[in-house]
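*Asks:* Shown below is the structure under consideration.
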């Protein structure tokens, strides 16, 4: 395991203004919140990403938004992780999950792609499933609607407003995971939005 304290936090999404408010881009929005919280400007455009670097709790932190489109996210993650010497255990991926209700947060220390093509590509490119991830609920998918259409359809203004709090929570979950570990982050954030919405 990497012991130098480098962390790479990747938000999955699609580049381009037309995708900004879609469900697939919740990872990008979380990175934007982290960029503000940690005062890390996102200025570098190398390795098929927009990324920036800073320090949090004694760890070097790289924030990244791949510019490869969701299904090829792994190319950017592999390039960044190799360049900065970050092992999978210190790569934290934030992404959308249509199988979780809107606003729910689920943190896992490792696992399969669960049908998400972006995550599938990251696992393939890294050759490992052993990296933590923060899933943000964007479901449920309406009956009869194509999955691709659903994740690429802009959210309503009400949904966008509701998700702002979720991005704040997701960003905080990333910081807790880095500072205190995955188990602590899971205890604090898994199911939090569900209970709030009931």
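Each reported figure results from applying straightforward, stated rules to the coordinates on display, with no laboratory input. All figures in this text were calculated on a predicted structure; none of them were measured in a lab. Here the Cβ positions follow ideal geometry from the backbone for every residue, glycine too, while neighbour counts run over all protein chains shown.
*Asks:* Per 0.36 nm of contour for each residue apart, how much would the distance between residue 32 and residue 57 grow if the chain were fully extended, relative to their Cα-Cα spacing?
*Replies:* Length gained between residue 32 and residue 57: 7.1 nm.
*Asks:* Continuing with the same structure: Highest mean first, how do 91-102, 5-16, 149-160 rank when packing is the count of other Cβ atoms within 10 Å averaged over residues?
*Replies:* 5-16, 91-102, 149-160
*Asks:* In nanometres, what is the gap between the two model label sites at residue 110 and residue 165, each 7 Å from Cα along Cα-to-Cβ?
*Replies:* 3.5
*Asks:* While we're on this one: Just the number: Rg to Rh for segment 81-127, Cα atoms, Kirkwood Rh, two decimals.
*Replies:* Here Rg/Rh amounts to 0.99.
*Asks:* What full-extension length gain, to one decimal in nm, is calculated for residue 157 and residue 82 as 0.36 nm per residue of separation minus the Cα-Cα distance?
*Replies:* Contour length minus Cα-Cα distance gives 23.1 nm.
*Asks:* Sticking with this structure for a sec: So for segment 1-99, what percent of the C-alpha to C-alpha distances run longer than 21 Å?
*Replies:* In whole percent, the share of Cα-Cα pairs in segment 1-99 beyond 21 Å is 27.
*Asks:* Which three lengths, in whole Å and largest first, does the chain cover when its Cα atoms are put on their principal axes?
*Replies:* 47, 32, 30
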